[in-house]
Structure formats: C-alpha cells, structure tokens
Amino acid sequence: PQAVRDWVRWGAGPRACQNLILGAKAHAFFAGRPHITTADIEAVAKPVMRHRVIVNYAAMSEGITSDNVVEEILRQVEKPRGL
C-alpha cells in the first residue's frame, strides 16, 4: 500500500508473521475456537507489529505512528469471504 511507501522506514520481518499467527491462535483459543479467523489476526496485529514497524521522519512529523500504519494496512488488505 502507498501508506507503507510513504511512512515506513523499516518493516516487519518473517518472525513478525510467525508471531502474528501464534498470537491469533492464542486469541482464538481463549475465545473457545479451534481455528483462527481474520478477526483474530486483526485483534493481535497492533501489539505484534507496533515495535517491528518503524516509521520514517515524514510520518513522525505528521504524527503517524506504527499503530496508524498497521491500521491502514488492515483497512486496505482484502479479507477472505466467509471468515
């Protein structure tokens, strides 16, 4: 997304994706479900990604945080139907 090109200095790596899935599994487990949904991923995305996504100076000058970037990505990524 354009927001990433405009605001991100350093992005999340492969371990971030692994931890996103692990966090979503834990979220689903505590909700009593044996499987994850996109809602589980969205629920843990900011806590998992906030310290892994580093915004650039332009973003900082506009008051954009890593949480804002993650929210924008979640908003723009198309979710699978039925999940």
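Taking the Cα-to-Cβ direction at ASP6 and at VAL77 and moving 7 Å from each Cα, how far apart do the two end points lie in nm?
Output for this residue pair reads 2.0 nm.
For the chain, what relative contact order do you get, as a whole percent, if you take Cα pairs closer than 8 Å and at least 6 residues apart?
Across the chain, relative contact order equals 39 percent.
Roughly how many Å² is the accessible area per residue of the chain, as a whole number, for a 1.4 Å probe?
Computed with neighbouring chains in place, this is 70 Å² per residue.
First compute the accessible area of the stretch 1-58 with a 1.4 Å probe, then give the percent of it belonging to carbon and sulfur atoms.
64
Report, by chain and number, residues whose modeled amide H sits under 5 Å from the one on VAL8, excluding near sequence neighbours (fewer than 5 apart, same chain).
The list, which skips near neighbours in sequence, is ASN56.
The values are calculated or read from the model by the stated rules, or taken from the named source; none is laboratory data. Here the structure is a predicted model, which means the values were calculated and not measured. When we count neighbours, we look across all protein chains shown, and the Cβ atoms used for this are built from the backbone with ideal geometry, even at glycine. The area values use the complete protein model at the heavy-atom level, side chains included, leaving out ligands, DNA and RNA. Shrake-Rupley method; radii C 1.70, N 1.55, O 1.52, S 1.80 Å.
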